[in-house]
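Chemist: Take this structure, written in C-alpha cells, and hold onto it; I'll ask about it next.
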Amino acid sequence: MPLVPMRVMLDHAAENGYGIAALNVNNMEQIQAIMEAAKETDSPVIVQASRGARKYTNDAYLRHLMLAAAELNPNLPIAMHQDHGNSPATCISAIEQGFTSVMMDGSLTEDGKTPSSYQYNVKVTREVVDYAHARGVTVEGEIGTLGGIEDGHGAGGTGLEHVTDPVQAEKFVADTGVDALAVAIGTSHGAYKFAQKPTGEVLKMTVIEEIHRRLPNCHLVMHGSSSVPRELVDLINKYGGKMKESYGVPIEEIQRGIKHGVCKVNVDTDNRLAITGAIRKVFAELPDKFDPRDYMGPAREAMKKVCVERMVAFGQAGNAGKIKPRTCRQMVGFYKPKGARK
Ligand SMILES: [Zn+2]
C-alpha cells in the first residue's frame, strides 16, 4: 500500500488505547529491522528521519528505501515522518519527497538551538499546517522545549528548563490546528537523560495528564523516550565502549503516558545502543572478520529485537491489519472543513 498519513494511525491508536513507536532511520539495515519487527508483530509503522538523516542518506536513497519497504509489506500501514523540522522550508521539502507527516518544531528558532517565542512558534507551525493539510499530510508541533541535543538539534540542558505549560498547550493547538503535539515533560534527547532512575520530580508525567485533560482529542507525543536498557549499555562497555551510567524513560512511565493521550513515542537511542553493542561484539570476538555483512547483519538483528519489544510494550502489535488505510489525497477532504474556517 502507499505510505499512509500518520494521522490515520494516531486516530486508530487513540481510539484503541495504544501507542506507536516512532523509529529513526539513517540506512537500509535500520529500515529493514523496523519492517521485520512490524511484520512479526503485525504493527503499524512510523519511520522518521531527522534533518541529519536526510543529509546523511540523501533524500533519493531514503525515498526509494521507504518505497521498497511499502512494496515488500503491502499489508502494513507505514507513515514516513520528518522529525524536528526546523523551518517551513524543511517541512515543505520533506512533503515534496513524499513524507506523509512532518514535525514543525517551532519551539526553537531556525538554528535548531535557541528557544523561540510563542508568537514565532504559532506563525511557523500555522504556515506548515496550512501547506500540509492542503495535501493531506499530518503535522506535529512542539510546545515547551526538550533537553539535550541529538543530530545537532536541541536546546541542551536538562529538560526541566522549559516544561510545557498545559494552558499554553491548549491555546497552541487552537491557534495552529496541529494533529499531534510534542510535549516537554523533563525528557531529553540522547543517551544521557537522567543521572538516576527518574522520579516524579524530574519526569513530569502529571503534566501529560493535565494536558490530556485539557486536550482530550489531541494526540500527544513523547520525545526522548528511549529506556536506555542497562544490558545494552553493559554490552557496549564489555566490548571496549566507554558509556557513562545513565537512565532513560522507564517503559512503565511510557505506558502511563499512553493511558493519558500519548499516541506516538519517539525511540532512537535504544536502537543506536543495540546496533553499537552488536557490532562491538563481532569486532571483539571475531577480529578476523572484514565483510560488513558479518557485523551489519547482527546489528540489524539486535535492532529488530528492540523494535519488537517496544511494539509489544506500547500495544501497537496486532493492530496493523485493523487500520483502514487512507491516502494523503483522501485526507485532504478530512481537513477541508477545518481549513474553511479561515
Ligand atoms: Zn525529538
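Chemist: Six or more apart or on different chains, Cβ under 8 Å: which pairs go from a residue in region 293-310 that's free of Cβ contacts under 8 Å to residues at least 40 places away in the same chain to one that's open to solvent by 30 Å² or more (accessible area, probe 1.4 Å) and aromatic (Phe, Trp, Tyr)? Could you list them?
Modeler: Close Cβ pairs (under 8 Å, with a partner that is open to solvent by 30 Å² or more (accessible area, probe 1.4 Å) and aromatic (Phe, Trp, Tyr)) amount to Tyr295/Phe283.
Chemist: Something else: Can you tell me which of (1) away from the ligand (no atom under 16 Å from the Cβ); (2) of a type outside the set (Val, Ile, Thr); (3) open to solvent by less than 40 Å² (accessible area, probe 1.4 Å) is the one Glu71 doesn't meet?
Modeler: (3)
Chemist: Just to be sure before I move on: is Lys264 of a type in the set (D, E, K, R) and farther than 21 Å from Ala49 by Cβ in the structure I sent?
Modeler: No: the conditions fail for Lys264.
Chemist: Quick one: would you say Glu201 is farther than 25 Å from Pro298 by Cα and open to solvent by 50 Å² or more (accessible area, probe 1.4 Å)?
Modeler: The answer is yes for Glu201.
Chemist: Can you find, within region 266-290, the residue that is surrounded by the most Cβ atoms within 10 Å (Cβ to Cβ) among those that are assigned to a helix (DSSP H, G or I) and within 16 Å of the ligand (Cβ to nearest atom)?
Modeler: Within region 266-290, the match that is surrounded by the most Cβ atoms within 10 Å (Cβ to Cβ) is Asn271.
Chemist: Next question. Report, by residue number, each residue of region 141-155 that is open to solvent by less than 20 Å² (accessible area, probe 1.4 Å) and either farther than 17 Å from Tyr120 by Cβ or within 10 Å of the ligand (Cβ to nearest atom) (or both).
Modeler: Correct list: Glu142, Leu146, Gly147, Gly148, His153, Gly154.
Chemist: Right, something else. Could you figure out which of (1) at pLDDT below 75; (2) surrounded by fewer than 22 Cβ atoms within 10 Å (Cβ to Cβ) isn't true of Gly159?
Modeler: All conditions are met except number (2).
Chemist: Could you check region 162-197 and list, in sequence order, the residues that are within 30 Å of Met243 (Cα to Cα), open to solvent by 20 Å² or more (accessible area, probe 1.4 Å) and among the β-branched types (Val, Ile, Thr)?
Modeler: Val163
Chemist: Out of curiosity, is Cys263 touching a His at 6+ places or on another chain (Cβ under 6 Å) and not in a loop (DSSP other than H, G, I, E, B)?
Modeler: yes
Chemist: Let me ask something else about it. Looking at Ala195, Ala169, can you tell me which residue is within 20 Å of Glu209 (Cβ to Cβ), away from the ligand (no atom under 14 Å from the Cβ) and of a type in the set (Gly, Ala, Ser)?
Modeler: Ala169
Chemist: From Ile279, Ile236, Ile251, which residue is more than 30 Å from Val137 (Cα to Cα), touching a Ser or Thr at 6+ places or on another chain (Cβ under 7 Å) and among the aliphatic types (A, V, I, L, M)?
Modeler: Ile236
Chemist: Quick check on region 241-265: of everything there that is open to solvent by 80 Å² or more (accessible area, probe 1.4 Å) and more than 30 Å from His12 (Cβ to Cβ), which residue is nearest to the ligand (Cβ to nearest atom)?
Modeler: Among residues in region 241-265 that are open to solvent by 80 Å² or more (accessible area, probe 1.4 Å) and more than 30 Å from His12 (Cβ to Cβ), the one nearest to the ligand (Cβ to nearest atom) is Lys244.
Chemist: Next question. Inside region 1-51, can you point out the residues that are open to solvent by 30 Å² or more (accessible area, probe 1.4 Å) and part of a helix (DSSP H, G or I)?
Modeler: Arg7, Asp11, Ala14, Glu15, Asn16, Met28, Glu29, Gln32, Glu36, Lys39, Glu40, Arg51
Chemist: Out of (1) out of contact with any Gly (no Cβ under 8 Å at 6 or more places or on another chain); (2) open to solvent by 30 Å² or more (accessible area, probe 1.4 Å), the odd one out for Arg54 is which?
Modeler: If we test Arg54 against (1) out of contact with any Gly (no Cβ under 8 Å at 6 or more places or on another chain); (2) open to solvent by 30 Å² or more (accessible area, probe 1.4 Å), just (2) comes out false.
Chemist: Filter region 184-212 for residues that are closer than 16 Å to Glu161 by Cα, assigned to a loop (DSSP other than H, G, I, E, B) and among the small types (Gly, Ala, Ser) and give the result.
Modeler: Of everything in region 184-212, those that are closer than 16 Å to Glu161 by Cα, assigned to a loop (DSSP other than H, G, I, E, B) and among the small types (Gly, Ala, Ser) turn out to be Ala184, Gly186, Gly200.
Chemist: Looking at Thr158, Thr138 in this structure, which one is within 30 Å of Gly333 (Cβ to Cβ), away from the ligand (no atom under 14 Å from the Cβ) and of a type in the set (S, T, N, Q)?
Modeler: Thr138
The values are calculated or read from the model by the stated rules, or taken from the named source; none is laboratory data. As the structure is a computational prediction, the values presented were derived from the model and not from experiment. Reconstructed Cβ throughout: ideal geometry from the backbone, glycine too, with neighbour counts over all protein chains shown. Calculation scope for accessible area: heavy atoms of the full protein, side chains included, ligands and nucleic acids excluded. Shrake-Rupley method; radii C 1.70, N 1.55, O 1.52, S 1.80 Å.
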